[in-house]
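These notes concern the structure reproduced below.
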Amino acid sequence: MSSIGSGSRAAPRVLLVEDHLALAQTVCLFLENAGFVIDYSAEGATGLHLARTNRYDVIILDVMLPGLSGLDVCERLRKDVGITVPILMLTARDSLEDKLKGFEAGADDYLVKPFDLPELQARLLAMTRRQSGALDQKPIEIGELRIDVRAQSVSRAGAALKLTPTGYRILLTLARQTPGFIAKENLEQEIWGDALPDSDTLRSHLYQLRQVVDKPFDTPMIETRQGFGIRLIQPDSD
């Protein structure tokens, strides 16, 4: 079993909210042996309280929780509390509709049960690396779109845009590639590294991103072109 590493690097701190006790024990034991620090809750309300009162590098939420569901917890953390910590949802459902609901609530990634523990570890490590890897540089401006990399905030035509952490990373990747296209496979590699999600995940995130960046405005900026890929364009550009 691989570990996080040694030296001065702090162990990633994870909150697991899962009501299936046997699965939770297995996940906790595996991740602790791999070098993670784990807090655990079996129900949504306590998980929400822990997430509000502690600092975590990543949160794992089961969708189906007693009382307050994982989707409810995720949405409250994003909208009411404003927490930007990466959130991984665990679910027994693999439909695009279910994933869209999770991404709408603010989830960054999905893992369908049953899953391999090394894959869970790889996804968590990728999420924590991305969270800590924001670059300190000047804001990026593309037409009326402005990305403040240091503050990790986005606005268009002066209006603040509320993006999920993964939506922000996708937009930032497209902005850095502008005016060129980036192939779907390359975009997935840039966002998720070697822990690639299933084929619906990027499409779902792009759908949600367009709802925020394009739909409220007269001219779309996110373009997908068959055979070329995806790019970010200025309104009225070729």
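Just so it is clear, none of the values below were taken in a lab; they were calculated from the coordinates. Just so it is clear, the model here is predicted, and its values are computed rather than measured. Please note: Cβ atoms are built from the backbone with ideal geometry, for glycine as well, and neighbour counts cover all protein chains shown.
Points to keep in mind about this one:
- The stretch between THR53 and ASP39, if pulled fully straight at 0.36 nm per residue, gains 3.8 nm over its current Cα-Cα span.
- Simple spin-label estimate for LYS79 and ALA183 gives 3.9 nm between the two label positions (7 Å along the Cα-to-Cβ direction from each Cα).
- Alpha-carbon geometry of segment 80-175: the Rg and the Dmax are 15.2, 45 Å, given in that order.
- 3J(HN,Hα) along segment 42-48, derived from phi through the Karplus expression 6.51 cos²θ - 1.76 cosθ + 1.60 where θ = phi - 60°, amounts to 9, 8, x, 4, 5, x, 4 Hz, with x in place of Gly and Pro.
- Sites ASP214 and LEU23 - FRET efficiency at Förster radius 41 Å, r taken between beta-carbons, to 0.05: 0.55
- Against the main long axis of the alpha-carbon atoms of the chain, helix 21-33 sits at an angle near 80°.
- Whichever lysines have a C-alpha closer than 16 Å to that of LYS162, once near sequence neighbours (fewer than 8 apart) are set aside: LYS79, LYS215
- Computed over the alpha-carbon atoms, segment 140-232 gives an Rg to Rh ratio of 0.93, Rh here being the Kirkwood radius from the mean inverse distance.
- Taking Cα centre as origin and charging only the Cβ of basic (Lys, Arg, +1) and acidic (Asp, Glu, -1) residues, the dipole magnitude of segment 77-116 rounds to 120 debye.
- Taken over the C-alpha atoms, segment 13-132 has Rg and Dmax values of 12.8, 35 angstrom.
- Sorted on the mean count of surrounding Cβ atoms within 10 Å across their residues, most packed first, peptides 83-94, 187-198, 98-109 read 98-109, 83-94, 187-198.
- Treating each Cα of the chain as an identical point scatterer and summing with the Debye formula, the log10 of I(q)/I(0) at q = 0.12, 0.14, 0.15, 0.18 Å⁻¹ comes to -0.68, -0.92, -1.04, -1.42.
- Listed residues GLU75, GLU18, GLU223, most fluctuating in the chain (Gaussian network, C-alpha, under 10 Å): GLU223
- Taking every DSSP beta bridge that has both ends in the chain, the antiparallel portion is near 45%.
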